[in-house]
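Q: Pasting a structure here, questions to come.
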Amino acid sequence: MSKLLPADFAYGFATAAYQIEGTPAGANRTASIWDTFTHVKPKSGHKRVADDSSGDVAADSFNRWREDIALLKSYGANSYRFSVSWSRIIDFGGSKKAAGYKDPANWEGIKLYREIIEELVRVGITPFVTLHHFDLPQALEDRYGGWLNKKIVDDFVHYAKICFESFGDVVKHWITTNEPYVAIVTGYGYGIHAPGRSSYREIADEGDSSTEPWIAGHHFILAHAHTVKYFREHVFPVHGGTIGITLDSSSYIPYDDKPENVEAAQRGRDFQLGLFADPIYKGHYPASVKRILGNRLPDFTAEEIDIIKGSSDFFGVNAYTSSLTRDGGHDELRGNIETTFIKPDGTQLGTQAKSSWLQDYAPGFRLLLNYIWKTYKTPIYVTENGFSAKSDVELSLPEVLHDTDRVEYFRGYTNALLAAVVEDGVPVKGYFAWSLLDNFEWSDGYTTRFGVTYVDYKTQMRYPKESSQFLKKWFAEHIGRE
Ligand code: GCO
């Protein structure tokens, strides 16, 4: 076996619309739940975003996308994963909705993405388009409760159809939705992401954390599966292409070899990954999830299972961190497990990122890739992998560009990726670093940076960090040639 990644390996960077585009709701798109979440405070006065910011301006990619594509090119990327904004592509401005009426397309929004996609193709970068990355249109939240209502399935397919019609001739790689686990657990469980529903009253005014995440998750799966069905029946025969989903998981490693902790690590995987991956790749929910949630986990009909099972051409995974896992605790949202970064000998697992949930532990990444391949037997794209360095916020220009911790992170993770592919035989087809640019990091606002490019938010000037050059060189050396 060659010691290199395959010649057609996709290497690039990932971003998401709300995190980079800027432009407030109302300007040229309607509102998403993230506009509402960042601008409306709950009655408790709870601060929802660390620096009270929003994505109104973000990295101004709405205006600077040509510059951003030039950056991609300068980093040697052959692929780019980005999301399109549902509330930019569909016009939710119509106030009255007659029965059967579908919200119309917004041609301005479509034109923008069409230009971006054509420019990418022109410079030789393959677009990977995510249809939904957390920014559900507020209109659908207002009309019927968004993801809590099965009506979302039809609206999602309607939106996807418009995207396929508008871009299907040029876009050959589609991702229906991004990280549904994060969306449901943070959005309806802890209430720390939009729509901010939760049973914790100090955080949210409404919500039921014991039922809503699982109902929302159920509808995410159905929306995904019906979209894929439509794609396979109507789009693929004309334009070809592949379609799948992006899930996320920590690499759950048993704290020690006690059987209950080995089992707890599996439960962690079952909740974060299996909740979506098992229905999609195997046709049923994981047994441990069913056991813990009981009848709060909605059932699929036999007909639905037919549509869901096998509804992803690839396995998209966002992988950042590892978790030493023990049995215990009552956090049902994570499957009643406890996680730590402190090893039994008292030392840290790896270098701590600025994000509290993230430590650099590359062996965990290799384990996770192996687990996914062994369990789901589907080729993998690493759709996100990255690190928020403390130096990003502790230093300023020009020192901030020496992002040593991020370079070390990528060094470890790219080598783990290579080992998984060439030594373990895991078919990984692509890798996207998160992220091309510093951007709006959800409830952390701008206090945490993940970019390989530093964004000076006062001027919106972009400055490549050392990590961008590390990745450029590494992939130039490790992707094989025909
Ligand atoms: C996602 C992620 C990204 C984050 C990144 C760093 O949903 O794909 O949440 O949007 O910015 O994972 O936390």
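Taken together, the values in this text are just the output of simple stated rules run on the coordinates, not laboratory data. Only a predicted model underlies this, so the values are computations on that prediction, with no experimental measurement involved. When we count neighbours, we look across all protein chains shown, and the Cβ atoms used for this are built from the backbone with ideal geometry, even at glycine.
Q: What number comes out for the charge environment of Asp208, summing +1 per Lys or Arg and -1 per Asp or Glu over other residues with Cβ under 11 Å away?
A: Within the 11 Å Cβ shell, the charges total 0.
Q: Picking from Ile308, Asn336, Leu417, whose Cα lies most toward the positive end of the charge dipole for the chain (charges on Cβ: Lys, Arg +1; Asp, Glu -1)?
A: Selected residue: Ile308.
Q: Write down the percent of antiparallel bridges among all DSSP beta bridges whose residues are both part of the chain, to the nearest 5.
A: Here the share of antiparallel DSSP bridges comes out near 25 percent.
Q: Per residue, how much space in cubic angstrom lies within the convex hull of the C-alpha atoms of the chain?
A: In the chain, the Cα hull volume divided by residue count equals 147 Å³.
Q: So between Thr347 and Arg232, what do we pick up on full extension, going 0.36 nm a residue minus the alpha carbon distance?
A: Here the segment from Thr347 to Arg232 would lengthen by 36.4 nm.
Q: Assign unit charges at the C-beta atoms only (+1 for Lys and Arg, -1 for Asp and Glu), then state the dipole size of segment 358-454 relative to its Cα centre in Debye, rounded to the nearest 20.
A: Dipole of segment 358-454, to the nearest 20 debye: 560 debye.
Q: Under 20 Å Cα to Cα from Lys172, which lysines show up? Leave out anything in the same chain fewer than 8 places away.
A: Lys73, Lys111, Lys161, Lys229, Lys429
Q: Using unit Cβ charges (K, R positive; D, E negative) and no other charged atoms, how large, in debye to the nearest 20, is the dipole of segment 275-427 about its Cα centre?
A: Here the size comes out at about 360 debye.
Q: Taking the Cβ of Thr325 as the center, what net charge do the other residues with Cβ under 13 Å away carry, scoring Lys and Arg +1 and Asp and Glu -1?
A: For residues surrounding Thr325, the net value is -2.
Q: Helix-derived [θ] at 222 nm for the chain: sum -39500 (n - 2.57) over DSSP H runs of at least 4, divide by residue count, nearest 500?
A: -10000 deg cm²/dmol
Q: How far apart, in nm, are two points set 7 Å out from the Cα along the Cα-to-Cβ line at Asp306 and at Arg411?
A: Reported label-point gap for Asp306 and Arg411 is 5.5 nm.
Q: For Lys343, which aspartates and glutamates qualify as cross-link partners when the Cα separation must be under 16 Å and same-chain residues fewer than eight apart are set aside?
A: Cross-link targets: Asp256, Asp257, Asp327, Asp360.
Q: Here is a follow-up. Using mean Cβ contacts within 10 Å as the protection proxy, how do 292-302, 330-340 order, highest first?
A: 330-340, 292-302
Q: Using a simple spin-label model with points 7 Å from Cα along the Cα→Cβ vector, what separation in nm is obtained for Arg66 and Thr447?
A: For Arg66 paired with Thr447, the spin-label model returns 3.8 nm.
Q: What dipole magnitude, in Debye to the nearest 20, does the chain give about its Cα centre under +1 on Lys/Arg Cβ and -1 on Asp/Glu Cβ?
A: Dipole of the chain, to the nearest 20 debye: 640 debye.
Q: Counting other beta carbons within 10 Å of each residue's own, what order do His219, His46, His234 fall into, fewest first?
A: Ranking His219, His46, His234 by Cβ neighbours within 10 Å, fewest first, gives His234, His46, His219.
Q: Compute the signed sum of charges (Lys and Arg +1, Asp and Glu -1) over the other residues within less than 13 Å, Cβ to Cβ, of Thr414.
A: Every neighbour counted, the sum reads +2.
Q: A further question follows. What nm value, rounded to one decimal, do you get for the distance between Val182 and Lys151 when each label is placed 7 Å out toward the C-beta?
A: A separation of 2.9 nm, rounded to one decimal place.
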